[in-house]
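Working notes, structure below.
Nothing in this text is a laboratory measurement; each read-out follows from the coordinates by a stated rule. What you see is a predicted model; the values in this text were computed from it and never measured. Reconstructed Cβ throughout: ideal geometry from the backbone, glycine too, with neighbour counts over all protein chains shown.
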Amino acid sequence: MTAPTTARRSRNQALRRRARRQTTLHALPWLAPALILIGGVVLFPVGYMIYTSFRDLTRFGTDRGWAGWENYERVLDLGHLPRVLVNTGVWVVGVVALSIGFGLVLAQFLNKRFPGRKILRMVVIVPWAASVVMTSTIFVYGLDPFYGIINKFLVDVGILDAPFGFLKSPLPGFLSAMAVAVFVSVPFTTFVLLAGLQTVPHDVLEAAQIDGANRTQTYWRVVFPMLRGALAVATIINVINVFNNLPILKTMTGAIPGYDADTTTSLMFKIIQSDRQIDTASALSVLNFVVVVVVIGIYLRVVRPMRQED
Amino acid sequence: MRKRAADLACVLIALVVAFPLYWMVLSALKPAGEIQAADPRPWTLAPTLDSFRRVLAVEDFGLYFLNSLVVAVAVVALSLVASFLAAVALTRFRFRGRTVLLVMLLVAQMVPVEALTIPLFFLVRSFGDVVPAVGLNELGSLVLVHLAFSLPFAIWMLRGFVAAVPDDLEEAAALDGASRFRFTWQVLFPLVAPGLVAASVVSFIHAWNDFLFAKTFLISGTDNRTLPLGLLVFFKPEEQDWGAIMAGATLMTVPVLVFFVAVQRHLVSGLGGAVKG
């Protein structure tokens, strides 16, 4: 009795395997353009970066052979590394948390019907559409202690006694850059969360109301859990973008001497630009990349935001 | 009372968000004497187009603008086709290695772009030896690189849309004698349109606003400069021409805003595809 069943099962499996192999072949032409482009232009350079991080390169790019872990050791020996790591942590966690916080509030607000909603939605998009370099430049201009409007406003309102050189010293410069990073991240975050809010069905909200839930309860017990997917997308994309962001720090605090206002990404840029150590910079970039992958891997494991589809 | 508070919040948010944009346009319109005045005022009584004239007087400004437009439009068009095809394959076909591919897309999304400029420079230089149109100093190099970097997010976003189209629809189409190809272009493609809009917005912004790749690949050919590179003339180490920078920034931001406003209605539903994951 068992023998034929086993035979049939294995034959079924073989058939299924063949069918699957066929669909792999069928899927290939559809996937080919994207795969070739991503493989050749995105992942291949990553491989090259990893390779470079184990080579010994001169300032002019001449390859002097295998370097082992030397470049990595040089990165870990940098005296300012601890400070830069703390900065990076504050930068990523601070900017992402604040962007999500503001985004949640703003999305909730934009999801209501009120006059002017359309216009407000368009206005909120602006920082997303504008170039980050340009936005940072506008803030550099606005924060200038002599002719900056933001400085003047803060003095007029009474928050400051005298104009303050926000971008002249590390801590205020870094915090100003964080503010700009939040400013440019909020629109995308808001729109992703808004998209999430619109997947919450009306009858669910009505049911909660009938059951006697107040607004706060409805939000935290009903709406918020349904935003899981949107929150995951917003968090992941923001962590990646914020971690790898260079233009804001380069434009706003790039002129401050030393490394007290640097994250690992801007440090990497300084190692290429001023020290011309491409090999060391590659090692730092690899470490950066690994950190991002691990952080997001942990996030996906712990929070499990993506429902299993198959 | 609650309504009043909401109105107030609405105005406040709009003010904070729109202020830099307002300041940019205003500074572009201010006469030279007011731009670095010790007492900046949030209005001007003597608006002038001098700063715009200085920007437009830059040789070939029109050409730079056109170059940027060509790159951005090419990236959007090619990215739509490639990501749509990949999204269909990843949702409609069952095959081994699908999960691996999805993880690969996510990893490709995490790549530190700024760190890759050096390998990309070498890569583009070698491409140029084989296909001159995508080599250094060519607009094709920008199209190629932006296209590749736009794909992971676009595919990720479209996947949700393609998955939402029921399989029954495809079976019905097959029964009616429609080929898979015909079904894909005449049924699936229009249904996925909001996702395509959102994906194209994201890739357009990246290509249009890019300084980094343009600065890396366009090293000597001035004819092929893009708009951001053209505007760099006004950034001088000590004395920046703020009026011209703001006028240039205004000219650069306007086309994106027009594009955004045109597709804004579809944007929220478009991002829904990514959210459904």
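Within the straight-line cut-off of under 19 Å between alpha carbons, the aspartates and glutamates reachable from A:LYS152 are A:ASP144, A:ASP161, B:GLU34, B:ASP39, sequence neighbours fewer than 8 places apart in one chain being disregarded.
Where Lys and Arg each count +1 and Asp and Glu each count -1, what net charge lies around A:THR218 among other residues with Cβ under 15 Å from its Cβ? Present the calculation step by step, with values, prior to reporting the outcome.
On the way: positive: A:LYS112, A:ARG215, A:ARG221; negative: A:ASP203, A:GLU206, A:ASP211.
Residues close to A:THR218 contribute a combined charge of 0.
Once Rh for chain A is found with the Kirkwood sum over Cα pairs, what is the Stokes-Einstein diffusion coefficient at 37 °C and 0.692 mPa s, in µm²/s? Kindly include the intermediate steps, with their values, before the conclusion.
Values: Rh = 23.6 Å.
For the chosen part, D equals 139 µm²/s.
Dividing the Cα radius of gyration of chain B by 2.2 N^0.38 Å, with N the residue count, gives 1.22. Positive end of the dipole of chain B (Cβ unit charges, origin at the Cα centre): among B:VAL145, B:VAL17, B:SER179, the Cα lying farthest that way belongs to B:SER179. Annotation: average projected area of the protein assembly as shown is 34.6 square nanometres, based on the convex hull of Cα atoms across all directions. For A:ARG55, the residues 5 or more places off, or on other chains, whose built amide H falls under 5 Å of its own are A:ALA67. Counted by neighbouring Cβ atoms within 10 Å, the residues B:LYS236, A:LYS152 run from fewest to most as B:LYS236, A:LYS152.
Comparing Cα centroids, the stretch A:149-170 and the stretch A:198-254 end up 33 angstrom apart. A convex hull fitted to the Cα coordinates of the stretch B:1-134 yields 274 cubic angstrom per residue.
Here the stretch B:1-48 is assigned +1 on the Cβ of each Lys and Arg and -1 on the Cβ of each Asp and Glu. Its dipole about the Cα centre then comes out at about 300 debye. Diffusion of the stretch B:145-277 by Stokes-Einstein, at 4 °C in a medium of 1.567 mPa s and with Rh set to the Kirkwood radius over alpha-carbon pairs, works out to 73 µm²/s.
Using a 10 Å cut-off on Cβ to Cβ distances, tally the other chain neighbours for every residue of B:87-96 and report the average as a whole number. Intermediate results must be reported in sequence, preceding the final value.
On the way: counts 3, 3, 11, 4, 1, 4, 10, 6, 11, 5.
Rounded to a whole number, the mean comes out at 6.
Rounded to the nearest whole Å³, what is the per residue volume of the convex hull around the Cα atoms of the stretch B:1-48?
Details: hull volume 4.3 nm³, N = 48.
Residue-normalised Cα hull volume stands at 90 Å³.
Over all alpha-carbon pairs in the stretch B:191-231, figure out the percentage whose distance exceeds 14 Å. Can you show the working numbers first?
On the way: 448 of 820 pairs.
More than 14 Å apart: 55 percent of the Cα pairs in the stretch B:191-231.
Taking Cα centre as origin and charging only the Cβ of basic (Lys, Arg, +1) and acidic (Asp, Glu, -1) residues, the dipole magnitude of the protein assembly as shown rounds to 2320 debye. Between B:SER220 and B:ALA32, the modelled labels are 3.6 nm apart [label points 7 Å from Cα along Cα→Cβ]. Past the 22 Å Cα-Cα mark, which pairs from A:LYS168/B:LYS215; A:LYS250/B:LYS236; A:LYS250/B:LYS215; A:LYS168/A:LYS250? Those over the limit are A:LYS168/B:LYS215. Estimated from helical segments only, the mean residue ellipticity of chain A at 222 nm is -23000 deg cm²/dmol, where each DSSP H run of four or more residues counts as -39500 (n - 2.57).
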